[in-house]
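S.K.: Questions regarding the structure given below will be posed in turn.
The values are calculated or read from the model by the stated rules, or taken from the named source; none is laboratory data. These numbers were taken from a predicted model, which means no experiment stands behind them. Side chains are part of the model used for accessible areas, which takes the heavy atoms of the whole protein and leaves out ligands, DNA and RNA. Shrake-Rupley method; radii C 1.70, N 1.55, O 1.52, S 1.80 Å.
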Amino acid sequence: MKLKNETLEQLRITKGKNNLSIIALAQNIGISRYTIGSIINGRTDGLSKQTINKIDTYLAKCK
C-alpha cells in the first residue's frame, strides 16, 4: 500500500511542530527508524497495512 500525500504531509508537519527526531518519531509510532526515515524522505513504494494503520493512529492522537 502507498501512503497518501496528505498523510505524508501531516506526518512531516507533526514531526516539525513537535521538534522530533526520526528516532523519536519512530519510537512514538512503533515502527523502525529506517522505515520512518524512508517514509519522510519519500523513498517508499509500498508499506504494509499495519504500518499505515500505526501512522494513522499516531496522527489521530496528535490532533
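S.K.: Averaged per residue, what accessible area in Å² does the chain show with a 1.4 Å probe, protein chains only? The partial results should precede the final answer.
M.R.: Working: 4270 Å² over 63 residues.
Result: 68 Å² of accessible area for each residue.
S.K.: Can you show me the helix-derived [θ] at 222 nm for the chain, built from DSSP H runs with n ≥ 4 at -39,500 (n - 2.57) apiece and divided by the number of residues, rounded to the nearest 500.
M.R.: On the way: 4 runs with 43 residues, N = 63.
Rounded to the nearest 500, it is -20500 deg cm²/dmol.
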